[in-house]
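The values are calculated or read from the model by the stated rules, or taken from the named source; none is laboratory data. Just so you know, these numbers come straight off a predicted model, no measurement behind them. A quick note on method: Cβ atoms are made from the backbone with ideal geometry, for glycine too, and the neighbour counts reach across all protein chains shown.
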Amino acid sequence: MNEFIFFINNVVISGAVAGSIYALGAIGITLIFSIMRFAHFAHADMMTFGAFMVFIFTAMFPGSGAALGIPTPILMLPIAMAITAVLAIGLDNAFYKPLRDKGVKPIVLVIASLGVTLMLQGIIRMFAGTSSRSLYIGERKEIYRLEVPMEGITRPIVITDPQIWLIIFAIVAVVALHFFLTRSRLGKAMRAMSDNPDLAEVSGINTRAVVMVTWVIAGALAAVAGTMLAMDVALQPQLSFFILLPIFAATIVGGVGQPYGAIAGGYLVGFVETLSVFNWSILLRPLQPMLPEALEVPRNLALVGTEYKIVVPFFILVVVLIWRPTGIFKGKVI
Amino acid sequence: MPLLEATDVHGGYGGMNILNGVNISIEKDEIGVIIGPNGAGKSTMLKAIFGMLNVTQGDIVLRGQSIKNTLPSKLVQQGMGFVPQEKNIFPSLTVQENLEMGAYIHPARVPAMLEQVYEFFPPLKEKRRQQAGELSGGQRQMVAMGRALMVEPSLLLLDEPTAGLSPLYMNEIFNRVKEINKAGVGVLMVEQNAKQALAIADKGFVLAAGQNRYTDTGEALLNDPEVAKSFLGG
């Protein structure tokens, strides 16, 4: 049964962690697409930016979270969310809005967002250098070992502090987003504008406010995802760049422009990724006595090596798009 | 004072003029119907009134105030409702949410207006929790008209409200238009089903090549043999 615990630790928890980060990023990308109809490539760098804001504030007030019994980065996260939301609105006003007002094709906005990516990465490196840092300054990352009171199980379920926080944040974000989109006036206006921008305009919906709220939500969620990723692993300037591809895969797999699709796509990509690098021989080994001698469970039975993990999102993308060309939830076509 | 008076309206897209001097005038509580062959500029005229098209010459006056080249969102605030011919609903929103979006600028009036719109279109009340995109063509048209009515407009512009509908729904929509008008809303609509439309019209405007060819009461136009021959299919 220890093998089963190993599976929980390496697939269920890791998958939920990766999936939550992908989902939080994909929600932002999909909302931006649904309102402004362009793929925002600088999204991953808004995530890095948010994490760096947390780092800066944590470095300024180290250990201040202890008073509340929470890690300091978590205490600083709301501030970083607010700053990243402001950054997102600023980026829109400085770079995307002037282009939209000129009525350019969406591809021009996509290229502009690539430029913003390079710019943000450059700025972050200029101030923070290229080294890898820990968001835990003078604090210890708690690791919880949950003993499972069952016969034959000696290994504990292992989960770290940031992983628990991440899963909590992801659940809260998803529930809050659901209520915002279905209950609030502005949330409904957002769905309306995503459905039919011209009709939204002639209905008297304040489309500028909707655009702003979209950036606030996308920026705030990006800060959460970036910070959680940095807490779970480490903070590097190029950190989010690596997860840009899985996040886009999640967005497209879920159906572009569909917030619930982004959540589903995020977890799908997260779990398939961890399942495909999982060493299945560990689960099969207990069955060895039942198998004929000629059949030996190999030492390593992962579907792909860890170093090829990056191809998994593409694989999911191809498979899902063959099955449903517009994604799991029917996505939008420009 | 007429509710809406458009005089000698010229306009078009880019450098191309589609309207070459159109005159429309309706009193409050009247139904005006614009008919004419394809490419006559019927829908273009409606868009010109609703500020979606650059008017280069002439004037458009709503209750004594010029509204020439005014933004659509401003016109909604001044009590004008517009129902486009296509893409006139939010398909992934529920019926009720569609209607709520119509009164976005007056959130406090939503409950009262919802009741009123449901009175005009009882089928919508039953389907209020359904996604508007799942409804039949006729019901979608009701959602579209309901959304425009949510601001309590004094003038409702309808662009071919019966296009593509079965005869049954067509009559239903015409009856609703009459009822809405009786409730005190001026209506100006573009129609392909010219005979039925003129039958409920107080005023009819026959456009051809971007100009008024005939302008009279609906009844007079229906009985005019010239109009019948050229524009009503004999």
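Worth a mention:
- For the stretch A:154-204, the helices (runs of 4 or more DSSP H) that sit wholly inside it and include 3 or more residues that are within 25 Å of A:A223 (Cβ to Cβ) and either out of contact with any strand residue (DSSP E or B) (no Cβ under 7 Å at 6 or more places or on another chain) or more than 8 Å from chain B (Cβ to nearest Cβ) (or both) are A:161-183, A:185-195.
- Top-ranked residue of the stretch A:278-297 - restricted to ones that are outside any loop (DSSP other than H, G, I, E, B) and within 39 Å of the chain's Cα centre (by Cα), ranked as surrounded by the most Cβ atoms within 10 Å (Cβ to Cβ): A:I282
- Test: residue in the stretch B:44-67 that is within 11 Å of chain A (Cβ to nearest Cβ), within 13 Å of the chain's Cα centre (by Cα), without any contact (Cβ under 8 Å) to a residue 24 or more places away in the chain and outside any helix (DSSP H, G or I): no
- If only residues of the stretch B:137-156 that are away from chain A (no Cβ under 11 Å) and small (G, A, S) are counted, the one that is surrounded by the fewest Cβ atoms within 10 Å (Cβ to Cβ) is B:G137.
- Where strands (runs of 3 or more DSSP E) sit wholly within the stretch B:124-234, those with at least 1 residues that are under 21 Å from B:F82 (Cα atoms) and in contact (Cβ under 8 Å) with a residue 60 or more places away in the chain occupy B:155-159, B:186-190, B:203-208.
- Within the stretch B:98-120, if we keep just the residues that are buried (at least 23 other Cβ atoms within 10 Å of the Cβ) and closer than 20 Å to B:G184 by Cβ, the residue that is farthest from the other protein chains (Cβ to nearest Cβ) turns out to be B:V117.
- Scoring B:Y104 on the criteria (1) aromatic (F, W, Y); (2) over 19 Å from B:D159 (Cα atoms); (3) part of a strand (DSSP E or B) leaves a single failure, condition (3).
- For first residues located in the stretch A:208-222 and over 15 Å from A:A170 (Cβ atoms), partners that are part of a helix (DSSP H, G or I) and polar (S, T, N, Q) and lie 6+ apart or on another chain with Cβ distances below 8 Å form the pairs A:G219/A:T84.
- Taken over the stretch B:31-43, the residue count meeting the criterion of being part of a loop (DSSP other than H, G, I, E, B) and crowded, with 20+ Cβ neighbours inside 10 Å is 3.
- Selection from the stretch B:100-151 of residues that are more than 26 Å from B:N171 (Cβ to Cβ) and among the charged types (D, E, K, R): B:E100, B:R109, B:R129
- Matching option when the condition is under 21 Å from A:L135 (Cβ atoms) and surrounded by fewer than 24 Cβ atoms within 10 Å (Cβ to Cβ), among A:L268, A:L244: A:L244
Here is a yes/no grid of residues against (1) modelled with pLDDT under 90; (2) crowded, with 18+ Cβ neighbours inside 10 Å:
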position: A:P62; (1), (2): yes, no
position: A:A66; (1), (2): yes, no
position: A:G69; (1), (2): yes, no
position: A:L75; (1), (2): no, yes
position: A:I79; (1), (2): no, no
position: A:V104; (1), (2): no, no
position: A:T117; (1), (2): no, yes
position: A:F127; (1), (2): yes, no
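- Count - residues of the stretch A:108-128 that are of a type in the set (A, V, I, L, M), within 23 Å of A:V210 (Cα to Cα) and in contact (Cβ under 8 Å) with a residue 60 or more places away in the chain: 3
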